[in-house]
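The values are calculated or read from the model by the stated rules, or taken from the named source; none is laboratory data. Note that the structure is a prediction, hence the values are computed from the model and not measured. Don't worry about glycine lacking a Cβ; one is built from the backbone with ideal geometry, like all the others, and counts go over all protein chains shown. Surface accessibility is based on the protein's heavy atoms, side chains included, excluding ligands, DNA and RNA. Shrake-Rupley method; radii C 1.70, N 1.55, O 1.52, S 1.80 Å.
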Amino acid sequence: MKLATLKDSSRDGRLILVTKDLSRCVAVPDIAAHLQGALDDWANAAPKLQEVADKLESDASFGEKFEESNTHSPLPRAYQWADGSAYVNHVELVRKARGAEMPPSFWTDPLMYQGGSDSFLAPHDPIRMANEAYGIDMEGEIAVIVDDVPMGTSIDQARGAIRLIMIANDVSLRGLIPAELGKGFGFFHSKPSSAFAPVAVTPDELGEVWDGAKLHLPLLVEYNGAPFGKANAGIDMTFDFAQLISHAAKTRPLSAGTIIGSGTVSNKLGDGPGKAISEGGVGFSCIAEVRTIETINGGKPVTPFMKFGDTVRIEMKDTNGASIFGAIDQKVEKYTAPGA
């Protein structure tokens, strides 16, 4: 199944089912008003949703046109958003840019932070920031939504808790990160609201490219209309989603609707860092990696972080070239606080 959330006057939007080709949709208020409601009762809701999804797929007269621009992130807000750093290559490169050493434990024990989950951005809404000096960056990621996960869940058990898969733009403010991490208490100001693509899909929709814990397809990133990244999400993923979920549940249960992120999708090139698409590489999923490689190769970064007016598009296509989740398509704009 493919599920999405239409914007309406409520905080949680209106749950809809979407055809595989993302052309039509239908609301399902008799089953669940919003996606969190379906996740809270997934065992009962999922079979009913599947019946409607099958009808939507087989009956071209059923439902209405699907418009990505009318959607919110599948969960406009969530009880929990825990983002990992599964692609340790990315962590290593970004730490080099800050002059920070890479502890060996990072290769054996996942990094994870708890982000703000009360106000996700809609996938076609702007990224509004007050100051370009914050160092505005995109981060293309994969994310999963889980069912209830008991504390102490094993890796094998965690694999069975994955209900939906999405792609994300985990917006980061690179200029604020060093000072925050220097306090020894983690991210806060440097991690504003994230965005997720219009559609979340059940694992069965992905076929062989989903192995139960990894998604083996390129994540396509365009920056200001030009190809920027096409790193394969199934390659160089040191910790898969089962490991990330088990790690998150080590000392606490996870409630249905918890979102677990992969961290920035990042591929190596042989034994070294990646290369831009124009240089024969697979490119990057964030600007920070480009700047790190520029520093390694030339002594200083050259590529600036995002400015007002810049655009980013993040999408994933199946082996036939069709969009799976729809696209995150955002523009950076200046934010003015109320009353300013």
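Before moving on, here are some points about what is shown:
- In region 67-81, of all residues being among the charged types (D, E, K, R) and open to solvent by 50 Å² or more (accessible area, probe 1.4 Å), the one that is nearest to A122 (Cα to Cα) corresponds to R77.
- One residue alone among G140, G116 is closer than 27 Å to L35 by Cβ, open to solvent by 10 Å² or more (accessible area, probe 1.4 Å) and of a type in the set (G, A, S), and that residue is G116.
- Residue match in region 58-66 (condition: crowded, with 18+ Cβ neighbours inside 10 Å and closer than 22 Å to D329 by Cα): yes
- Some residue of region 235-257 being part of a strand (DSSP E or B) and either of a type in the set (V, I, T) or modelled with pLDDT under 95 (or both): no
- Residue within region 114-128 that is in a helix (DSSP H, G or I) and among the basic types (K, R) present: no
- Checking the stated criteria, D329 turns out not to satisfy the condition of being under 19 Å from the mean Cα position of the chain (by Cα), open to solvent by 20 Å² or more (accessible area, probe 1.4 Å), of a type in the set (D, E) and within 30 Å of W107 (Cβ to Cβ).
- Condition check for D211: without any contact (Cβ under 8 Å) to a residue 40 or more places away in the chain, closer than 25 Å to M151 by Cα and either touching a helix residue (DSSP H, G or I) at 6+ places or on another chain (Cβ under 8 Å) or among the acidic types (D, E) (or both): yes
- All positions within region 210-227 that are assigned to a loop (DSSP other than H, G, I, E, B) and surrounded by fewer than 17 Cβ atoms within 10 Å (Cβ to Cβ): D211, G212, H216, N224, G225
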